[in-house]
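Q: Below you'll find the structure I mean.
Read-outs throughout are calculated quantities, based only on the coordinates presented, and are distinct from any laboratory measurement. Small disclaimer: the values here were computed from a predicted structure and weren't measured. Cβ placement follows ideal geometry from the backbone for every residue including glycine, while neighbour counts extend to all protein chains displayed.
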């Protein structure tokens with residue numbers, strides 16, 4: 001899978017960034033993190049309002065919330081529907097309510113409900129993707145900010161390591177590692193996180209390298225703040241929106257990577273079930289029961305498209321120089337979709 | 001030029017070395033290698049024999065020297081399944097993957113340049129919309145699923161194309177279409193972006209004012225300058241293409257190196273897996289050098305700046 005469509009270093013904040021968090025102190029008090037709770041609350045509220053103005057982004061957010069809710073509460077609701085075998089109800093075609101709602105998406109060759117299995121698979125898929133994205137985000141960002149702030153040898157070595165990981169196909173890395181260690185949930189999360197750390201590392205490094213030469217960082221340094229304090233108080237708050245946007249996009253990538261691994265038989269192992277594994281299991285019944293492969297794949301596609309659209313919107317919404325675009329009155333329906341699409345692929 | 005190339009070779013050699021060392025470390029430092037190379041139901045006697053024959057009871061440094069010697073001679077041991085040298089199997093599978101990947105890349109690049117230029121000339125036109133849509137699809141649709149949908153529609157329902165195999169030209173259509181989605185989706189956006197910025201340069205205005213036609217401006221003036229950024233991405237894309245090839249080859253029964261890898265994993269044939277992974281790494285290394293070379297030839301500005 002190609003590195004998803006983004007240029008890690010390309011996204012630089014223009015000079016109009018909010019320097020607010022740090023430029024304030026003119027007296028000899030050490031700089032205090034400026035955004036108070038009130039400010040943050042306002043900001044969140046306005047971000048939420050902005051979201052509601054964009055119907056595609058709203059829809060995308062709703063889809064993701066729905067997937068999240070299914071992952072958390074779904075397994076409770078479906079109970080044993082996913083594992084109950086019923087050979088009399090084997091290979092039921094979808095979109096028929098004869099056997100009740102449980103079989104609305106059909107059933108597999110053992111008569112297990114497709115809907116039930118999809119719900120269970122949602123939890124597995126999310127419980128791989130979220131931790132993997134989280135681990136990569138935290139490690140990659142902190143490392144990148146640190147490397148970019150200190151420059152010099154630390155930066156060079158960090159970037160070399162990132163280059164090495166990036167220049168090797170992530171799937172091959174995963175293939176070898178998951179062969180040597182057994183493909184447990186933890187190992188899959190770990191290998192996915194490690195292969196994605198360089199993305200955050202590169203972005204965070206580029207942003208922090210640019211920030212560390214700004215006046216407000218200089219000021220903080222002059223007042224004697226320690227590097228860790230400067231990084232924590234002045235650099236990270238500014239870099240964070242970019243990194244969170246990146247993480248939304250990375251969520252797609254990690255999900256696709258996990259499904260590829262599961263599809264190839266080296267990811268999630270039966271009797272656990274993930275969307276990728278379901279596609280793979282349904283493949284041999286493609287001639288007789290197409291829904292076994294098509295529906296789980298559709299679940300992947302819908303979730304990734306939603307995350308992509310939301311990431312494109314977030315990128316514009318968290319960038320003060322571009323945010324005005326979202327508050328423009330809408331001209332034509334297709335337009336907004338067009339910008340979101342382009343944003344997603346830049 | 002030579003200085004530039006030497007620099008690039010050294011910096012792309014580093015990942016290769018890391019992979020070679022990494023595979024050794026994974027194979028030797030995680031428990032008993034005999035259990036990696038031998039089938040799961042091997043007896044203790046078999047394990048002991050294997051350990052002695054492969055020199056696994058030697059000190060680690062001796063093993064490491066042996067291993068590096070083997071890598072340099074492309075000797076990775078023998079396959080458990082067939083008893084053939086693993087390197088021979090990997091090298092036999094390699095051309096199939098190369099053919100598939102090269103064809104895909106050529107078609108993807110040509111298509112991306114055509115559609116990308118068209119999209120840059122007419123913003124919000126049909127080509128622009130197509131390229132946006134494909135890019136979105138490339139970032140969202142899993143390639144294995146796309147392949148399966150392709151098989152379902154074109155092979156099973158319509159019966160136009162074969163489901164797998166390498167016989168005849170039709171067998172190439174689905175694998176290439178699947179594999180092409182991602183490189184095309186990325187490249188078309190890059191070509192479009194580079195063309196939009198190239199078309200606003202003064203030299204384009206000059207060419208236009210001298211009465212050059214649209215086609216000539218695009219093909220002779222803008223495209224040449226827009227090609228360099230597209231080429232830099234080509235390296236990343238080919239690395240990604242390997243990932244795609246593993247999936248596509250497995251689904252379509254393409255006898256390439258990706259299928260060999262997955263087969264050797266499922267049958268626990270570590271020697272072959274190791275050979276396939278390392279030969280792929282070497283191929284990527286060579287390819288990166290070629291791309292750097294092409295980049296230097298294409299963009300005259302690169303040479304002096306790198307030298308300085």
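Q: Please identify, among B:51, B:43, B:238, the residue showing maximal mean-square fluctuation in a Gaussian network model of chain B using a 10 angstrom Cα cutoff.
A: Sorting by GNM fluctuation, first place goes to B:43.
Q: Another question, if that's okay. Diagonalise the Cα gyration tensor of the range A:48-324 and give the resulting equivalent ellipsoid semi-axes, square root of 5 times each eigenvalue, largest first, whole Å. Intermediate results must be reported in sequence, preceding the final value.
A: Values: eigenvalues 356, 98, 35 Å².
Equivalent-ellipsoid dimensions as semi-axes: 42, 22, 13 Å.
Q: Now for a separate question. Which residues in the range B:275-299 have a backbone N closer than 17 Å to a point placed 7 Å from the Cα of residue B:5 along the Cα-to-Cβ line?
A: Answer for the range B:275-299: B:285-299.
Q: For chain B, modelled as a GNM with alpha-carbon contacts under 10 angstrom, which of B:91, B:223, B:26 fluctuates the most?
A: Sorting by GNM fluctuation, first place goes to B:26.
Q: Can you pull the one-decimal nm distance between simple spin-label points at residue B:214 and residue B:13, each 7 Å off the Cα toward Cβ?
A: 5.1 nm
Q: Which whole-number percentage describes the relative contact order of the range A:117-239, with Cα contacts under 8 Å and a sequence gap of 6 or more? Mind showing how you got there, number by number?
A: Numbers: 110 pairs, mean separation 47.9, N = 123.
Here the relative contact order equals 39 percent.
Q: What are the extents of the Cα atoms of the range B:97-222 along their three principal axes, listed from largest to smallest and rounded to whole Å?
A: 55, 27, 23
Q: A further question follows. Extending each Cα 7 Å along its Cβ direction at residue A:50 and residue B:293, get the distance between those two points in nm, one decimal.
A: 4.9 nm
Q: Could you compute the FRET efficiency for residue B:45 and residue B:232, with r as their C-beta to C-beta distance and R0 at 56 Å, rounded to 0.05? Mind showing how you got there, number by number?
A: Values: r = 55 Å, r/R0 = 0.99.
Taking R0 as 56 Å, the efficiency between residue B:45 and residue B:232 is 0.50.
Q: Oh, and also: Identify which of B:53, B:192, B:182 has the largest mean-square fluctuation in a Gaussian network model of chain B, with springs joining Cα atoms closer than 10 Å.
A: B:53
Q: What residues of the range A:46-60 lie in the reach of a label at residue A:323, counting those whose backbone N is under 16 Å from a point 7 Å from the Cα along Cα→Cβ?
A: Answer for this model: A:46-54.
Q: With 10 angstrom as the radius, rank A:230, B:262 by how many other C-beta atoms surround their C-beta, starting from the fewest. It would help to have the intermediate numbers written out before the result.
A: Numbers: A:230 23, B:262 19.
So the residues, fewest neighbours to most, are B:262, A:230.
Q: Ok, one more. Given labels modelled 7 Å from the Cα in the Cβ direction, how far is it in nm from residue A:142 to residue B:126?
A: Inter-label distance under the simple model: 5.4 nm.
Q: Could you give me the percent of Cα pairs per 20 Å distance bin for chain B, shortest bin first, beginning at zero and ending with the bin that holds the maximum distance?
A: Bins of 20 Å from zero give 27, 48, 22, 3, 0 percent of pairs.
Q: Okay, moving on. Could you tell me, in Å, what Rg and Dmax come out for the Cα atoms of the range A:99-202?
A: 19.4, 67
Q: Against the longest principal axis of chain B, how steep is helix B:2-29, in degrees 0 to 90 to the nearest 10, with axes from Cα atoms?
A: In chain B, helix B:2-29 runs at an angle near 40 degrees to the longest axis.
Q: Now, a different point. Report the FRET efficiency, 1/(1 + (r/R0)^6), for residue B:201 and residue B:92, where r is their Cβ-Cβ distance and R0 is 41 Å, rounded to 0.05.
A: Details: r = 49 Å, r/R0 = 1.19.
For residue B:201 and residue B:92, the calculated efficiency is 0.25.
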